[in-house]
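What follows is calculated from the coordinates using simple rules that are stated; it is not laboratory data. Remember, it's a predicted structure, so these values are computed and weren't measured experimentally. We place every Cβ from the backbone using ideal geometry, glycine too, and count neighbours over all the protein chains shown.
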Amino acid sequence: MTNTRVQKIEKEKLKECAFKVPVYHFTDHELRERNRRLYLAMLMGNNFHSKVKIVFNTMEGYKEVFSTVWATTEKFILLKGGNFIPIEAIAHVELE
């Protein structure tokens, strides 16, 4: 995902996004690491109300949101405010 232009958006704009699987194909190790980071983000969100940066792919390109992760399922993450992102669209999770 290097040299990729990423647009920052507010979590309220997620409802307008048409999500897409990232162009980059992840290795098994990278997928496990992404899922581990999502789980840690959920723990941090529920216990400390910590926010994380999530980069995801849409039909318009990569976007970035800074929010609290409240829950993770097999297919989605739920963010503060009832917004969600499909896990398969997530390219990167940055914990603070």
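Of the beta bridges DSSP finds with both residues in the chain, what % are antiparallel, to the nearest 5?
Numbers: 18 of 20 bridges.
The antiparallel fraction comes to roughly 90 percent.
Remind me, relative contact order of the chain in percent, using alpha carbon pairs under 8 angstrom and six or more residues apart? Kindly include the intermediate steps, with their values, before the conclusion.
Working: 171 pairs, mean separation 33.8, N = 96.
The normalised contact order for the chain reaches 35 percent.
Quote the charge dipole size of the range 7-94 about the Cα centre in Debye, to the nearest 20; the model charges only the Cβ of Lys and Arg (+1) and of Asp and Glu (-1). Before the final figure, lay out each step's value.
Values: 14 positive and 11 negative charges, 43 e Å.
That gives the range 7-94 a dipole magnitude of about 200 debye.
Would you list the P(r) distribution for the range 7-94, with all Cα-Cα distances sorted into 10 Å bins from 0 and each bin expressed as a whole %?
18, 57, 24, 1
Using a Förster distance of 25 angstrom, determine the FRET efficiency expected from the C-beta separation of Tyr39 and Glu64, and round it to 0.05. Each step should come with its number before you reach the end.
Working: r = 20 Å, r/R0 = 0.80.
The calculated FRET efficiency here is 0.80.
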